[in-house]
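Every number here is computed from the coordinates shown, using simple stated rules; none is lab data. Everything numeric in this text was worked out from a predicted model, so none of it was measured. Cβ atoms come from the backbone with ideal geometry, glycine included; neighbour counts cover every protein chain shown.
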Amino acid sequence: MNDDLLQAVVDTAIDGLILIEADGRIALYNTACERLFGYSREEVLGCNVSMLMPEPDRSAHDGYIGRYRSTGEKRIIGIGREVMGRRKDGTVFPFELAVGEYSRDGRVMFVGVIHDLSKYRRSEGRLGKMVETAIDGMILIDARGIVKLFNPACEKLFGYGPDEVLGRNVSMLMPEPDRSAHDGYLHHHLSTGEKRIIGIGREVMGRRKDGTVFPFSLAVGSFEEDGAPIFVGVIHDLTQYRLSQQRRQESEARFRLLVDSITDYAIFLMDPDGIVLTWNTGAQNLTGYMPDEAIGKRRDQFYVAAAREGHQPGDALRIAAEKGRYVNEELRLRKDGSQFWASVVISALRDSDGDLHGFVNITRDMTERRQADELRDQLRQAQKMEALGQLTGGIAHDFNNLLAVIVGNLELLGDRVIDDDGKRMIDQALRNAERGAELTRRLLAFGRQQQLQPTRFDINDLINSMLDMLRRTLGSGVSIQPALELDVYMVEADPNQLENAILNIALNARDAMNGNGTLAIRTTVAHLSEPRAMSNRILPVGTYVMVSIRDTGCGMPSDVVARVFEPFFTTKEVGKGSGLGLSMVYGFITQSNGFIEIDTMPGAGTEFRLYLPALEGDRLAARKPEHDPNRRLVLCVDDNQDVRATMTALLGSLGFAVLPAATPADALQELRRGLPIDLLLTDIQMPGGMNGIELADEVLAKKPGLPVLFMSGSAGNDDLRHTRYFGVSEVLAKPVRKADLAEAVKRMLGETS
C-alpha cells in the first residue's frame, strides 16, 4: 500500500490515530486528532506527545519513556485504558486509549487509537442527575443482592443514608418473610436463569429504618456488567395511594349508606347501555323490585308498554348523553302492574376526558302531587263554572221577569185586537217571547236553578226507550251500539233532563262525525276512589252509575275541552248552534250531585261519561222478576221497542212468561242471571256488533239444546233449517200472526198433541 493511500485511510478514520517514536515524538497525526485536540498537523508533528496531556500525566510521561528505553517495560501498551487529553485551548476531555507497538528495521514506534468519551460522560452525568432527582426510588443490586446504588428518593422512603445501605444486602429493606426468602430468590435465579423478580408493577412491602412497613410498587429490570448480572429496581411509594383508596372506599360506603337511607327517592346508577348497576331502598319501595330483580337488567321494565313501544327509554338516555341531563314527568310501572307518575332526572356521568361512563337516575313519585294539582284544577274550573252559573242564572232570572211582563201584556192585548194583522203580529211576538223563555230555561239549567222532578228509575230502561228516537234523529249514517250492563243500580234524578242530556251529546256526536260513524252507548257501575272538586263542595268517594256516550268523530283539542261547558261557547258555524246544549247537560248533572268526564283527542273521537249517584240499596241484579214455575219462560230479543212490546204481549196472552231484551248484550246478561229460560225468541237482523244468529251461537254454547225461534223481516232465511241449528230452531216471517206464533212456540217446546 503506497503512502498516499495509507494517508487517505488514516484521515477518514472516525477515531483519532497517532504514531509516536520511541523517544515520544509524534510521527503521524490524523484529521480526527485535529478535531479532538484542536492542533493542526503542522503544529504537532515532531513534538513530544506529552503536549496533548494534562498534568500530572504530562510530567510523568517522559519517565515512562525513559523506563522503556532502559528496562524495556511497556507500561502504556494495552486496550481500553481511560485517560484524559488536553486541547490546544487548555480544556481537558476523557478518551479511551488503545496502544500498540510497531517495529521495523530495528525502529520501534507506538500506535495510539483515541476514542472520545466526552458525549458518554455527558450522558452519564445527565443519567446521574436523573437518578439523583428522581421522585421514585432507584436502587442497583448485584447478583449477590449487594446494594450498589441508593438514590435520595430511596433515602426518604426507607430512612437510611447511603452509607448505611451501600455494600449491604438489599434484604435489610424488606420485612419478613420476604427478608429471609430474598437470598433464595437470587440463588434460584443464578442457578436456573428464572427471572422471578424481574417485571413491572409488582406490589410489595418495604421496611423502614424505624421498623415500620409501607406498600410500594416495584419494577425490576436487569443488565450485564463485566459479564455479571445487575438488577435495577424502581420503587414507587403507594402509601398515599392506599390512604386515598381507603378514604375513597370509606366515602363510597358513606355515600351508599346515605343513598340507601333515602326511602322516597329512587336513586340508581346505570352503565352507558342502561343496565342497572345499583339499587337503593327508595327504588325498591317505589317500584316493588328487590335489588336482585333490578341490578343487571335494563331499566325498560319500569316503563309502561306505550312508552317502550315509543322508544322512550332509549330516547331518554340519548338526550341525557347529548345534553348532559334529561328531565321529565312520565308514567312508570311497578312490579305489581300498577302505574304511577314519576318525576325523572337522568344525568350523564363523564370522566375528565369527556368519555361517557354511565348515568345516574333519580325518580320521585309524583302521583299525589299530580292528584292534588288535578283537584286544584278541577276546583278552579268548578269555581269558574260556579261564577258563570251565578251570572247566567241572575241574568235569566231578571230576563224571565221581563218576559213575564211582555208575554202577559201581549196576551191581554190579544184579547182587545180584532183585526187579523194585529193578531198575527201579537202571535209572532208571543212565539219569539216563548223562544226567549226557552233560552232562559237553558240558562237556568246551566246555573242549576231549574226546577227538577227527580224520581227513581232504571237508566237502562230510559236508554232502551230512546234508541228508536235516536236512530230516527241521528239518521241512517250513524250506527248506534248499545252495551247496557244489566247489573247496575237504580238512580234518583230527573229522567226527562237525562234524556235531554243524552240527546244533546248524541246530536253533537252526529255533527262531529258528519252524519256517518258509530255511537256507542254504555252503562256500568263506577266507583269514585278519589275526591272530586265541585263548585261548592267535594264529591265524596262512592258508587255511581255511569252512562258513556262515545263517537268516532273528529275529537276535540284541549283548549276546546276547557271551555266546552261554558254557555254560548260553540265551535259550530254561526246560526248552527246556541252553545247552550252542553251547558244544560253540565248544569243538570251537577245539580243532580253527579259529574262529567270527557275523554277526547283530535282525530280519535270523543267520549262523554255522565256519573249519577247510585242508590246502592237497589241493585238491578237483586230485582229478578217474579217467575211462576208453572209458566214457561221465553227470552224475547228485538231492537224495535214496539215489536218487542207486541211480542211480549202476544206471548203473555198465550200463557208464557217473558223476559224482554233490547239487544243481544242485554239478552246475554239476562242469561247470566240464571233464570230457567225455556225458549229464545230473537230477531235475526239487529244493528250493532251482534245479530240474532251470533246471539244463538253464544246462547247455545251456554245452554246446549235450548230451542231457538228466529224472526225475520226479509226472505232468504230458509237455509237456516239446514244449518247447525237443525232440530233446535225455526224461522218466523214478520209480521208474525198470533196463531203462527202459538203453534211455532208449542212445537219448539214439544207441547203439540
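For a quick check: sort His236, His357 by the number of other beta carbons within 10 angstrom, fewest at the front.
Details: His236 17, His357 11.
Ascending Cβ contact count within 10 Å gives the list His357, His236.
Amide H contacts for Arg350 (H built 1.01 Å from N in the peptide plane; partners 5 or more residues away or on another chain; cut-off under 5 Å): His357.
Sorted from fewest to most neighbouring beta carbons within 10 Å, what does the list Cys554, Cys154, Cys47 look like?
On the way: Cys554 17, Cys154 24, Cys47 14.
Lowest count first: Cys47, Cys554, Cys154.
You can think of it this way: the chain between Ile406 and Leu430 has 7.8 nm of extra reach, that is 0.36 nm per residue less the Cα-Cα gap.
Test of understanding: what is the full-extension gain from Cys47 to Thr31, defined as 0.36 nm times their sequence separation minus their Cα-Cα distance?
Values: separation 16, 0.36 × 16 = 5.76 nm, distance 1.68 nm.
Contour length minus the Cα-Cα distance gives 4.1 nm.
Put a plus charge on the Cβ of each Lys and Arg, a minus charge on the Cβ of each Asp and Glu, and nothing anywhere else: the dipole of segment 242-365 about its Cα centre is then about 240 debye. Residues Ile275, Ile505, ranked from the fewest to the most other C-beta atoms within 10 Å, line up as Ile275, Ile505.
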